[in-house]
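The values are calculated or read from the model by the stated rules, or taken from the named source; none is laboratory data. Since this is a predicted model, take the numbers as computed values, not measurements. Here Cβ is always computed from backbone atoms with ideal geometry, including for glycine, and neighbour counts include all displayed protein chains. Calculation scope for accessible area: heavy atoms of the full protein, side chains included, ligands and nucleic acids excluded. Shrake-Rupley method; radii C 1.70, N 1.55, O 1.52, S 1.80 Å.
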Amino acid sequence: MGGRVNLMLVVLVVVASVFYRTAAETYTVGGQLNWRAPPNTTAYSTWAAAITFRVGDTLVFNFATGSHDVAVVTKDGFDGCNSSNPITLITTGPANYELNSTGEHYFFCAVDGHCNQGQKFSISVSASSNESPASPPPPSSGGTTPSPPPPPSSGGTTPSPPPPPSSAPPLAAATFSVVFMSFATAFLW
């Protein structure tokens, strides 16, 4: 009986370690400030700088429809507060935005004057802890194609690309399988 209890504890520790920061996080943009005209021009950039964003995380923009919106833009659009050609424009609040690629992401409120008042921020999104860092950032406007990466500098071999996302089981299915097999082993042993 003592062996089963020890095995169950080991299984629980393994399952807990699998779930450690593999779950996506949800962040309310601006924290308690929410998504509104800020008290200063650095409020949102200061908020964003304190967080490590990962693929799969969700940004929650809390705002009243008609008072604000969310423009997802290129760096050029962000720098100039230009929303004439946004990647995405969300006009209904509150709004959730899932971060689905690595790289730089740029957001601002396109309501007249709000971006220039500081209702804007940019973030760098890292690969999730259970994903390989191969997702490219969204294309920028201007129609240029990024150049390929340089060849390896040493005589080593080039690593093979990661498998497509559909070739691996989802994390929940894989975790369920491990937990199920662990319980089955514990009770049959």
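Legend: calculated FRET efficiency, ASP112 to ALA23, from the Cβ-Cβ distance at R0 = 35 Å, rounded to 0.05, equals 0.35.
Quote to one decimal, in nm, the extra length available between ASP79 and SER45 on full extension: 0.36 nm per residue of separation minus the C-alpha distance between them.
Details: separation 34, 0.36 × 34 = 12.24 nm, distance 1.32 nm.
In short, 10.9 nm is gained.
A simple spin-label model places pseudo-atoms 7 Å from Cα toward Cβ; at ARG36 and GLU98 they are separated by 3.0 nm.
Its alpha carbons considered, segment 13-129 gives a radius of gyration followed by a Dmax of 14.7, 52 Å. At a probe radius of 1.4 angstrom, the accessible area of segment 49-113 per residue rounds to 46 square angstrom. The accessible-area ordering, largest first, of the residues LYS120, LYS75 stands as LYS75, LYS120, per a 1.4 angstrom probe.
Working with all protein chains in place, sort ASP79, ASP57, ASP112 by solvent-accessible area computed with a 1.4 Å probe, largest first.
Values: ASP79 90, ASP57 0, ASP112 145 Å².
Sorted descending by solvent-accessible area, the residues read ASP112, ASP79, ASP57.
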